[in-house]
1. Would the range A:84-104 turn up any residue that is more than 10 Å from every other protein chain (Cβ to nearest Cβ) and more than 24 Å from the chain's Cα centre (by Cα)?
2. Being in contact with an Asp or Glu (Cβ under 7 Å, 6 or more places away or on another chain) and away from chain B (no Cβ under 14 Å) is the filter here; which residues of the range A:150-205 pass it?
3. With the structure loaded, tell me whether B:F101 is at pLDDT 95 or above and within 17 Å of B:Y306 (Cβ to Cβ) or whether it fails that test.
4. For the range B:210-313, give me every one of the helices (runs of 4 or more DSSP H) that falls completely inside it and has 1 or more residues that are under 23 Å from the mean Cα position of the chain (by Cα) and buried (at least 18 other Cβ atoms within 10 Å of the Cβ).
5. Looking at the range A:57-81, which of its residues are surrounded by 15 or more Cβ atoms within 10 Å (Cβ to Cβ) and among the β-branched types (V, I, T)?
6. Read through the list (1) farther than 22 Å from A:Y97 by Cβ; (2) free of Cβ contacts under 8 Å to residues at least 12 places away in the same chain, then give the number of the only condition that A:I22 fails.
7. Residue by residue through the range B:125-147, note down the ones that are within 14 Å of chain A (Cβ to nearest Cβ) and not in a helix (DSSP H, G or I).
8. Every residue in the range B:127-148 that is at negative phi and surrounded by fewer than 20 Cβ atoms within 10 Å (Cβ to Cβ), please.
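The values are calculated or read from the model by the stated rules, or taken from the named source; none is laboratory data. From a predicted model like this one, the values you see are computed outputs, not experimental measurements. Glycine also receives a Cβ, built like all others from the backbone with ideal geometry; neighbour counts cover every protein chain displayed.
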Amino acid sequence: MDWRAIELSLRLSTLTTLLLLILGLPLASWLAFSRWRWKFFVEAVVALPIILPPTVLGFYVLIAVGPHSPIGQAYMAITGRGLPFSFQGLLVASALYSLPFAVQPFTAAMSTVDRRLIEASWCLGRGWLATFFRITLPLAWPGVLTGVVLSFAHTLGEFGVVLMIGGNLSGITRTISISIYDQVQALDYGAANQTALALLLFSFLVLAITYGLQRRGIAVWPAH
Amino acid sequence: MRRIVVHRARGDASSSKILMLHDQSRMNRIYLNCQKPQVGINVVNIRNHFVIISTWLSFGGVILAGFGAFAAGEDATPPAVLTVAAAADLRFALDDLVKDFAEQYPAAKINVTYGSSGNFFAQFQNGAPFDLFFSADIEYPRKLAESGLGADNVFLYAIGCIVVWVPKDSPVAVDKLGIKALLEPSIHKIAVANPEHAPYGRAAVAALRALNVYDQVASRLVYGENIAQTAQFVQSGAADAGMLALSLAVAPQMRDAGRFWKVPLDAYPRMEQGGIILKSSKNLETARAFRDFVLGDHGREVLKRYGFYLPEK
């Protein structure tokens, strides 16, 4: 049982989910409330990682943050390390990969909030930010929770992107799915079975608890 | 366009507020008496302040822990850990070598990542942070040395060979039939490593062409991402036969699982397996020590046990 890989996967999933909460909520609220006529382009870009093969995403992330790219070189200048083959690089790739799984439930939930309540809050003098945190978010919290759980579970099972940008370095980028792949190649089926079963049970438990907690249903995909 | 201006008229601090709306000319005014809207009555189950505070505290704690882990750069391996990129055919041989090295140098810790040599070469060009590279084809380390990515010189550590392997319950008598075993009707799928980036795949395809069976078997070939995955394909029964590395075929996990036939050495180009230490390594001392260990007497003995031919010392 590869405990380092399990710990690494959990850490990656947690941090990716947090990152997506911080970045995804503003994006989702803009998508939910904006009336810009070209909004659908942004929606398409957000939805892209769902249908894009993970290897394509990983390949482009590698090009975008590799040592020959402006972003990669800037990062190297600041921190002295490269982005690919590091945990931080995985974080970036995972955040992009799980973006639609976080943002779409957020957007769906926020767009079901009654606009009149938000407008009433504005009328009463609360600013936009206060309204967002005191009214919109609490009303949309089942969708936010769905988005958080989905992005966590999705990152846990990530394989193609991690393979492209990770380098399979033990303790750094060897997540649980890579570890299972590695163990199968080493013909160590017993260990692979153990790790895979552990991952399956854990994922099932997380999902069951989450869906049990919020038994009133909410649309996962935006209902326009 | 008419602009409506909203003023919050004076009201006390209680729930009721009076709004006055007027247009630009102030000719039209509306007074509204607003009650505080009853938002989130039963929807928000977390009205309880204790729950709210504890949720935010644990949230904040997780964020801090996450950023702490992020900022501390704990993913940078401590200097005593050597990261090695090794060709997949070394899977079992190098595991033994690492174990033996650890006995001699208990302070050093070695993490090996196995894969196909071509893949590693591509990763090195993108700055992969390995200290030492054991390739199944000496051309890759040579190219790395030419681009200035290597410390020290390229070293030759073994000569590889390929075999035709079948699982033990296969009806094919591979030792008698040799390469013709692949033409048997019971062989539906033949696993080889991907010739695009795996040296053993290239050698397998070269041998098939040289022995004049390539055209007949080409439609039955399945490609493994590296030679170890190829071995896994045949060992699990997914493929009926495979062209594997001898070092994998004689390994304990594979030895009793099947039978093999050594492909004559003149059927494929000599598989010179070479390696190089990377200039970007932070562990040059340990890397050199491990390289010398592999090239030394004990290392050569282990490699010989796994079926490698050894270069002259």
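1. Among the residues of the range A:84-104, not one is more than 10 Å from every other protein chain (Cβ to nearest Cβ) and more than 24 Å from the chain's Cα centre (by Cα), which makes the answer no.
2. Result: A:S177, A:T195.
3. no
4. B:227-235, B:246-249, B:252-255, B:284-295
5. Scanning the range A:57-81 gives A:V61, A:V65.
6. (1)
7. B:N126, B:G127, B:A128, B:P129, B:F130, B:D131, B:L132, B:F133, B:S147
8. B:E139, B:R142, B:K143, B:A145, B:E146, B:S147
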